[in-house]
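Read the structure below first, then the notes.
The values are calculated or read from the model by the stated rules, or taken from the named source; none is laboratory data. These numbers were taken from a predicted model, which means no experiment stands behind them. Cβ placement follows ideal geometry from the backbone for every residue including glycine, while neighbour counts extend to all protein chains displayed. Ligands, DNA and RNA are stripped out before the accessible areas are found, and what is left, the full protein with its side chains, is counted by its heavy atoms. Shrake-Rupley method; radii C 1.70, N 1.55, O 1.52, S 1.80 Å.
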Amino acid sequence: MTAIKPLVLVDGSSYLYRAFHALPPLNTSKGQPTGAIKGVINMLRRLQKDYPDSPIAVVFDAKGKTFRDDMYPQYKAQRPPMPDDLRSQIEPINAIVDAMGLPRLVIEGVEADDVIGTLAAQASGERPVLVSTGDKDMAQLVNEHVTLVNTMTDTVMDVAGVNTKFGIPPELIIDFLALMGDKVDNIPGVAGVGEKTALALLQALGGLEDIYQNLDKVPDLAMRGAKGVAKKLTDQREQAFLSYTLATIKCDVPLDVSVPELLPNSPDKTRLLSLFTEFEFKTWVQELSRDERTELINESKASDVPSDDALDAVPAFTGTPDYQLILTQSQFTHWLDKLNNAPLFAFDTETTSLNYMQARVVGVSFAVNMGEAAYLPFGHDYLDAPDQLAENDVLAALKPILEDHNKLKLGQNLKYDANVLANHGITLRGIAEDTMLESYVLDSVGSRHDMDTLALKYLDRSTIHFEDIAGKGAKQLTFNQIALEEAAPYAAEDADVTLCLHHVMAAKLKASPSLMSVYRDIELPLVSVLSRIERNGALVSRELLGSQSHELGLKMQALEKEAYDLAGGEFNLASPKQLGEILFERLNIPVIKKTPKGAPSTAEEVLVELAHDYPLPKVILEHRGMAKLKSTYTDKLPLLIDPKTGRIHTSYHQAVAATGRLSSSDPNLQNIPIRSAEGRRIRQAFIAPSGYVILAADYSQIELRIMAHLSEDQGLIDAFARGEDIHRATAAEVFGVAVDEVSDEQRRNAKAINFGLIYGMSAFGLARQLHIGRKEAQEYIDLYFERYPGVLRYMDETRVLAAEKGFVETLFGRRLYLPEINASNGMRRQAAERTAINAPMQGTAADIIKRAMISVDQYLSDSGIDAKLIMQVHDELVLEVAPAALDEVKAELSKLMMAAAKLAVPLEVGMGTGANWDEAH
DNA sequence: TCGGTACCGTAC
DNA sequence: GACGTACGGTACCGAG
């Protein structure tokens, strides 16, 4: 089934101007402006990716007069001449378009619009037409065959879209322009008739002709100044009809090309490479060389991966599903046969607990074809439960299938299934697809990624919820206690829905090679790696934590007494509300800051400030610090030690953080204290077992290095290349002193600036951070951007691109959508802008360490060396290593982590070892 | 007894 | 209001 490829008509001139004006200026090191080139070519590359092999034409305005100038000498007359900085970019664009193999059209005497209108008319009815433009005037071309697409904003406009956007159908767009005129093109329109009046007239009376035939009805229309409008229309009749002609796109320009001749040629890669190099488009240069490498790789492995085409050919299932319950050996044999012969099957485990270390599998469900699934129970043991197949027999029969690399599996969060199967001695292999990860890669923030949410979102299907059959709260049943009549439809549905979801989401992913690569090359291989890390666990000393808890408790008691004396009565130190009353009402201490809800804040920074003048805040601060350590860490961690392994097994969440980072819970191992001496004692409780040492390896300044790479700022790149202390180097630049004369304060300030940049900080934020004036903070920021202009440009460009596209990307193509980037609420919009700045850096760092984890895990298992991964903390990997293996592991780990990305700056890795996690830093 | 919100604090 | 991403603790409040 091959759909007819659409004809793609690109309004090159509209993008040329938009790119030039909307994007911040960009120059090569020789001073050649390239911002518009980059904008236009970027857009063409996107179109090519979206519509490969479609006939396409890139159309530009010709120089000189057009027929409209003859008709109306003032047409576009007020337009300033093209700026030199734009003019000099036209030839390069032409050259690149030609090298890309795209047909380029420039026709004398008419405008690009007319050429596009003509070609659209020619193709109309034979194939769909997509007009790629940023110009709304083109809406007049829209009909059932012709759609507009704004490639810069990724929005499309069909007939319904025109109606929604303008409130009138496409046929009336010319009339609309004729009435209200167009400032940009200097089309006069009817003076005194603006957008609102024009729409009211058109909606009430129809087109221009109809309006003039019904001028008597105009004064009665419900619109502002209706009475005067009729006179204006009468007086300016001629001008109105002239405007109509001017605004009409000509659809019968004589052309000496026709649609079939517009197929793209294969690109001249050598020429492209030299052009991209000349204009210093470094990422495209890299991509060109990378593409050539991957083409070779793909050719060699194309045959052993099942094609997604096979799935796409399966129509969506709409009938009544067939869900079976497997209770007999012959039913089981039948399904084993299906599984063995399926190119891919969905499966799901039902268990007794959400805790993957303690869970036992009590049943398994499968789906091979959509709408057909089965539940195989073997551990339900409620009163009067029917006889089931024996667990041992079932698992023994399934084991070879589940452990076979070549029997491909699909699931929803298969890491969990892999973990619980491991409890039964089964190593899940052949993890080929995971719907949770498909959803996460498609849109990490748009919705949650649990199956119920996905079924509603992608299948418009409401599923049986776990709570529906298990109940909730204290009397919630475990799965083995649920009657099979209820359990079977639920479990079978899970497998079926997973299969249907994959069908839908895989097609979406396929449309975007970069998202597909994030999914297939990063997220999917990571599943098994994370499963192993989780099951390895981290060893903690129960004794050490216990004595720390005890000690903290004693100190807190003393502080409480002290606090009650100072406050003149007992109160709950942990209650911000009660504390606020004591401080700000009873003791009349001034309020420095309020919480978002308006209550006086008792946050740390406030108490630190107050501690200068009052004794109580200092006591509260000390108490809080201890309470935090005790309740969150020293009391809690021992409770999470698994009785069987004696270790702590966290859960890493792969589809939670918007940027692509992992998160960790139960416990969260990614926020164990390190900054204060007291906090670090908790890290001392993370110990190596006897005969091993802890090895911690972390990327040094990874996000700043990524900023240097993405911004291509030469100063920053050079500083990293020289291997300088980056905060010191920044301070030297910003404060204009030699590197070895930077004071501690200057370095501290520079460090705050560097971190602030990563977070999209404002002068206010920096001022608060450094306790300086806002003006002074702004001066620092200005100085910084003066020294590192590439960074400023990158930030501006990122904001603009985010606003136009609605998402930002990491180096590896992971996307983060920013629905509020164009919000009218300034605060929300600014928050989205800060996310836009931060996400590419944080997300690229996440991509890099994930890639490193995959290769490190591969190395560890291939080599069989005595070492294992036990933790990941965003930019750090922690391992347990036998001392005899230490030298080799360190060398290999460093090599693999550095090789996880090729940036314009070196990726440096720091390492430490010790008997515990604290010592390893 | 629970679920949700507010506030606070830990990490990178 | 003003610095990004997480998780989780305690307090508090209201519904059941």
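Is the shape of the stretch A:702-808 best called rounded, prolate or oblate, per the rule: a/c under 1.5 gives rounded, else a/b larger than b/c gives prolate, else oblate, with a ≥ b ≥ c the square roots of the Cα gyration tensor eigenvalues? Because a/c hits 1.5 or more and a/b fails to exceed b/c, the stretch A:702-808 counts as oblate.
Provide the gained length on full extension for the span A:Glu605 to A:Lys902, in nm with one decimal, where the gain is 0.36 nm per separating residue minus the Cα-Cα distance. Don't jump to the answer; show the numbers that get you there.
Numbers: separation 297, 0.36 × 297 = 106.92 nm, distance 4.02 nm.
Additional length available on full extension: 102.9 nm.
Peptides A:248-261, A:120-133, A:855-868, A:831-844 ranked from most to least packed, by the mean per-residue count of other Cβ atoms within 10 Å: A:831-844, A:120-133, A:855-868, A:248-261. Given the C-alpha centroids of the stretch A:645-700 and the stretch A:323-361, what is the distance between them in whole angstrom? Each part's Cα centre sits 34 Å from the other's.
Rounded to the nearest Hz, the phi-derived 3J(HN,Hα) couplings of the stretch A:135-147 under the Karplus curve 6.51 cos²θ - 1.76 cosθ + 1.60 (θ = phi - 60°) are 9, 5, 4, 5, 4, 5, 7, 5, 8, 5, 9, 10, 10, where x marks glycine and proline. Across the cross-link table entries A:Lys63/A:Lys196; A:Lys165/A:Lys805; A:Lys561/A:Lys628; A:Lys5/A:Lys136; A:Lys409/A:Lys850; A:Lys282/A:Lys868, which are compared at the Cα atoms, the separations over 27 Å belong to A:Lys63/A:Lys196; A:Lys282/A:Lys868. When nucleic acids and ligands are ignored and a 1.4 Å probe is applied, A:Val394 ends up with an accessible area of around 0 Å².
For A:Val540, the amide hydrogen comes within under 5 Å of the amide hydrogens of A:Ile648, A:Ile687, counting only partners 5 or more places away or on other chains and with H modelled in the peptide plane.
Specify which residue in the list A:Thr320, A:Val734, A:Ser547 is farthest towards the positive end of the charge dipole of chain A, using unit charges on the beta carbon of Lys, Arg (+1) and Asp, Glu (-1), about the Cα centre. Checking the options against the dipole of chain A, the answer is A:Val734.
Please figure out what share of the DSSP beta bridges in chain A is antiparallel and state it in percent, rounded to the nearest 5. Spell out each step's value before the answer.
Values: 46 of 70 bridges.
Bridges in chain A that DSSP calls antiparallel: roughly 65 percent.
Pop the C-beta distance of A:Glu745 and A:Ser29 into the FRET formula with R0 = 25 Å and round what comes out to the nearest 0.05. Please list the in-between numbers first.
Numbers: r = 35 Å, r/R0 = 1.38.
With a Förster radius of 25 Å, E is 0.15.
For the peptides A:910-918, A:679-687, residues were scored by their other Cβ atoms within 10 Å and the scores averaged per peptide; the highest-first order is A:679-687, A:910-918.
Give the distance, in whole Å, between the Cα centre of the stretch A:116-178 and the Cα centre of the stretch A:773-850. Measuring centre to centre over Cα atoms gives 33 Å.
Per DSSP H run of n ≥ 4, the term is -39500 (n - 2.57); total these for chain A, divide by its residue number, and report the mean residue ellipticity at 222 nm rounded to 500 deg cm²/dmol. Walk me through the numbers on the way to the answer.
On the way: 39 runs with 445 residues, N = 921.
That calculation yields -15000 deg cm²/dmol at 222 nm.
Look at the dipole of the stretch A:362-477 built from charges on Cβ: of A:Leu395, A:Ala374, A:Gly425, the Cα furthest out on the positive end belongs to A:Gly425. Close amide H partners of A:Thr155, meaning residues 5 or more places away or on another chain with modelled amide H under 5 Å apart, are A:Asn150.
Relative contact order for the stretch A:321-511: 29 percent, from Cα pairs under 8 Å spaced at least 6 residues apart, divided by residue count. The mean sequence separation of alpha-carbon pairs under 8 Å and at least six residues apart, normalised by the residue count of chain A, gives a relative contact order of 9 percent. In this structure the amide hydrogen of A:Val190, modeled in the peptide plane, comes within under 5 Å of the amide hydrogens of A:Met180, A:Gly181, none closer than 5 places in sequence on its chain.
With the simple spin-label model, which puts each label point 7 Å out from Cα in the Cβ direction, the A:Gln74 to A:Glu585 separation comes to 7.0 nm. Computed extension length for A:Ala390-A:Arg542: 50.8 nm, one decimal, from 0.36 nm per residue of separation with the Cα-Cα distance subtracted. Can you compute the label reach from A:Ser676? Point 7 Å from Cα along the Cβ direction, backbone N cut-off under 15 Å, restricted to the stretch A:575-603. Hits in the stretch A:575-603 for A:Ser676 at 15 Å: A:603. Highest mean packing first, where packing is the average number of other Cβ atoms within 10 Å per residue, the peptides A:453-462, A:12-21 line up as A:12-21, A:453-462. Phi angles across the stretch A:677-685 convert, under the Karplus curve 6.51 cos²θ - 1.76 cosθ + 1.60 with θ = phi - 60°, into 3J(HN,Hα) values of 4, 5, x, 4, 4, 5, 5, 5, 7 Hz, Gly and Pro given as x.
Residue-wise HN-Hα couplings along the stretch A:339-352, as the Karplus relation 6.51 cos²θ - 1.76 cosθ + 1.60 with θ = phi - 60° gives them from phi, are 5, 5, 9, 7, x, 7, 9, 8, 8, 8, 9, 10, 9, 8 Hz; Gly and Pro carry x. Placing +1 on the Cβ of every Lys and Arg and -1 on the Cβ of every Asp and Glu, with no other charges, gives chain A a dipole of roughly 2000 debye about its Cα centre. Since only A:Met157, A:Ala599, A:Gly773 are under comparison, the one whose Cα sits farthest along the positive direction of the charge dipole of chain A, derived from C-beta charges on Lys, Arg, Asp and Glu, is A:Gly773. Measure out, as a whole number of angstrom, how far apart the alpha-carbon centroids of the stretch A:570-594 and the stretch A:476-542 sit. The two parts, judged by their Cα centres, are 47 Å apart. Residue separation of A:Gln476 and A:Ser690 scaled by 0.36 nm, minus their Cα-Cα distance, works out to 72.9 nm of gained length.
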